[in-house]
C-alpha cells in the first residue's frame, strides 16, 4: 500500500467515503483518465469531490487512483480546500482490487463506508446524506445498500446475436453508486472474493454471493456515470440547468458546505 499525499484539515470523523478514481478515457477517445477531463470549467473529479465535501455526514474521504494521476488529483483536492481528511490511496489493476486497497487504507476506527464512482460526478449532497441514513438502517440487520434506479427500457437477454429472453422489467433496477456497507463485512467479502477467485463489477455482488442482503435506495435520474463523450454533454447540460442562477462570471457553481 502506497500513500502519496494526505490532507488533514480537521472535522469529526463520521461515515468514511472511498471514491474510485482509477478510470480511463478509452471509451471517450481521451488520452487520460476521464476524471481529469474538463466539465463546466472544472475537472470531472472536482464535481464529485465537492459534492462529498458538502455532505456533513461524511467525515473522511479516500481517493483511490493510479500513480500517474496522483499529482493531478492532489491539485484537485487542494483546490477544493477540504475541511476534513482527504487521503490518496494507490489503486489496483481492477476496480475490485482498488476498492480492496481502499478498505485496507481506512482509519482503524472506520465502521461504515460508502463506495462511490468518481465518474458519477452529478451526485448531490442530498443523495449522499440519504445513503448514509439508509446505510445506518441497513447495518442494523447486517445488510448493505446501493443507490439504484428502476429500469425503464425493455431488457433483452441476447446470445450470439439472438434474443433468448425478456426479463420482467418491474423487477429490474440499474445499480449505481454510492454503495454502502459495514467495513468489517465488506473486508470479509473482499477476502472471500480473493480466496475464491471471484470477479465482480460492484461491491453489492460480493454481498449477494455470500447470501447477505442489500437494500436499494432509489437515486435520481441525474446520477449517471460518465462513460462516453455524449455523457459529458449530458452532464454539462445538467450542471448548467442546476446552477443557472449562479452569478455571471463566477468560476463555477459552489455547492452548499456544511
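The values are calculated or read from the model by the stated rules, or taken from the named source; none is laboratory data. A quick note: this is a predicted structure, and the numbers were derived from the prediction, not measured. In this analysis, Cβ positions are derived from the backbone assuming ideal geometry, glycine residues included, and neighbour counts consider all displayed protein chains.
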The number of residues in region 115-150 that are surrounded by 22 or more Cβ atoms within 10 Å (Cβ to Cβ) and touching a helix residue (DSSP H, G or I) at 6+ places or on another chain (Cβ under 8 Å) is 13
Do we have any residue at all in region 151-158 that's out of contact with any helix residue (DSSP H, G or I) (no Cβ under 9 Å at 6 or more places or on another chain), on the phi < 0 side of the Ramachandran plot, in a strand (DSSP E or B) and modelled with pLDDT of 95 or more? yes
Return the total of residues in region 192-233 being surrounded by 13 or more Cβ atoms within 10 Å (Cβ to Cβ) and assigned to a helix (DSSP H, G or I). 12
For region 174-191, enumerate the residues that are within 15 Å of the chain's Cα centre (by Cα) and surrounded by fewer than 19 Cβ atoms within 10 Å (Cβ to Cβ). 174, 175
Determine which single condition residue 184 fails, assuming it passes every other condition in (1) out of contact with any helix residue (DSSP H, G or I) (no Cβ under 9 Å at 6 or more places or on another chain); (2) in a strand (DSSP E or B). (2)
Does region 99-114 contain at least one residue that is out of contact with any helix residue (DSSP H, G or I) (no Cβ under 6 Å at 6 or more places or on another chain) and more than 28 Å from residue 215 (Cβ to Cβ)? no
Taking residue 53, is it within 23 Å of residue 202 (Cα to Cα), within 17 Å of the chain's Cα centre (by Cα), crowded, with 21+ Cβ neighbours inside 10 Å and modelled with pLDDT of 95 or more? no
Given the options 109, 104, 87, 97, name the one that is within 26 Å of residue 184 (Cα to Cα), surrounded by fewer than 14 Cβ atoms within 10 Å (Cβ to Cβ) and modelled with pLDDT of 95 or more. 104
